[in-house]
Amino acid sequence: MANASTNHARSPFMWRDPVWTAIAACFLLLALFDSDQLIPTLRFSTGALLGTAPFILFAITAVGVLKASGAETLIAKAFVGSELQMIVFAALLGGLSPFCSCEVIPFIAALLVLGIPLSAVMAFWLASPLMDPAMFLITSGTLGWDFAIAKAMAAIGIGTFGGLTTMAFSGSLLLQNPLREAPTKSGCCGGQTPFQGQPLWSFWRVAERRDTFIDTVTSNGVFLFKWLSLAYVLEALMLHYIPASWIAGALGGNGLGTIALAALVGVPAYLNGYAAVPLVDAMLTQGMSPGAAMSFIIAGGVTCIPAAVAVWALVKPKIFIAYLVYAAIGAVCAGVSWQAMSLWLA
């Protein structure tokens, strides 16, 4: 999954997990300073979680099947043929793959060592953190199918843009020798290598693959539950305590400046691709423009810590900077396009 494996390495004690700690702190502060808002906040967040539950259950089951069967190895089929063909397919599969940002490290390292063009790798890297099956379902359940489809198209478009631009400058010294001498070992997934060879759809017949399915469903389920719990609590607090006029004044305009500002704000304010969905929903309710919402969620998705660390771990700083520049340009373009589309549909 794009981000869902982040923080999978959990403390054996729930209260040592910063996410659960943050949730508890929110309710403690409410109990101390505004007890009348305690029950409404709990009711809102619980109702939102129950409403999202069918999407979560379907998503984690689907991703568990993909990983246990080894279907993610089909991604390798994108990196054949002409360079242009590789870029297009890499961008498409980047937005559909169940990889988290850290699981792509051994996969991408092998591709670069084998001489796969950096342009195709860049296309996959840019698209992968922005969308995956679980994120698509959760986004569609909260922000609507049109927003989810637009975000998926933006992910593919940004990946294609980054890949084509990298191909255009492939002869430049700036983009040569992308790999570090010794790639940094980092990540949230332990650098696990996906199953090799052809997918085994009847995965339940193999003990190792059954264990992979159970572990994937459990870990992703816990991850999504805790992050969405925090997100819905924050959404309730935001709707209650932050005046709508503030959001509408800062991010409610239709101009390019508002969309660019949303992209800039999305970088430090982003939690992860899943927790951001309810927060964007709250900001839209308070007057955030559709284009700014798209720009915010795209910029934050590419530059969130797991995705950025995955890139930094493997490539030299100049390639990392190119990655960030592509993300910024792509986020603004996606925001402008979605703003225009929203106005046209209105």
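Residues are listed down the side, and each one gets a yes or a no for (1) crowded, with 16+ Cβ neighbours inside 10 Å; (2) assigned to a helix (DSSP H, G or I); (3) modelled with pLDDT of 75 or more:
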site: Ile39; (1), (2), (3): no, yes, yes
site: Leu42; (1), (2), (3): no, yes, yes
site: Ser45; (1), (2), (3): yes, yes, yes
site: Leu49; (1), (2), (3): yes, yes, yes
site: Thr52; (1), (2), (3): yes, yes, yes
site: Leu66; (1), (2), (3): yes, yes, yes
site: Leu74; (1), (2), (3): no, yes, no
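When residues in the stretch 313-331 are screened for being of a type in the set (Val, Ile, Thr), surrounded by 21 or more Cβ atoms within 10 Å (Cβ to Cβ) and part of a helix (DSSP H, G or I), 1 of them pass.
One line per residue, one yes/no per condition, for (1) β-branched (Val, Ile, Thr); (2) in contact with a helix residue (DSSP H, G or I) (Cβ under 9 Å, 6 or more places away or on another chain):
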{"site": "Ala123", "(1), (2)": "no, yes"}
{"site": "Thr139", "(1), (2)": "yes, yes"}
{"site": "Asp146", "(1), (2)": "no, yes"}
{"site": "Ala155", "(1), (2)": "no, yes"}
{"site": "Gly171", "(1), (2)": "no, no"}
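Annotation note: of Met294, Met238, the sole residue that is in a helix (DSSP H, G or I), at pLDDT 75 or above, among the aliphatic types (A, V, I, L, M) and surrounded by fewer than 23 Cβ atoms within 10 Å (Cβ to Cβ) is Met238. For the stretch 169-192, the condition of being modelled with pLDDT of 60 or more, outside any helix (DSSP H, G or I), touching a Ser or Thr at 6+ places or on another chain (Cβ under 7 Å) and under 19 Å from Ile321 (Cα atoms) holds for at least one residue.
Does Leu126 satisfy being surrounded by 13 or more Cβ atoms within 10 Å (Cβ to Cβ), modelled with pLDDT of 75 or more and not in a helix (DSSP H, G or I)? No. Annotation note: of Ile116, Ile56, Ile87, Ile105, the sole residue that is at pLDDT below 90 and within 25 Å of Ala150 (Cβ to Cβ) is Ile56.
Annotation for the stretch 265-287: no member residue is farther than 28 Å from Asn220 by Cα, modelled with pLDDT under 85 and under 18 Å from the mean Cα position of the chain (by Cα).
The values are calculated or read from the model by the stated rules, or taken from the named source; none is laboratory data. Computed from a predicted model, the values in this text were never measured in an experiment. Every residue, glycine among them, receives a Cβ derived from its backbone with ideal geometry; neighbour counts consider all protein chains shown.
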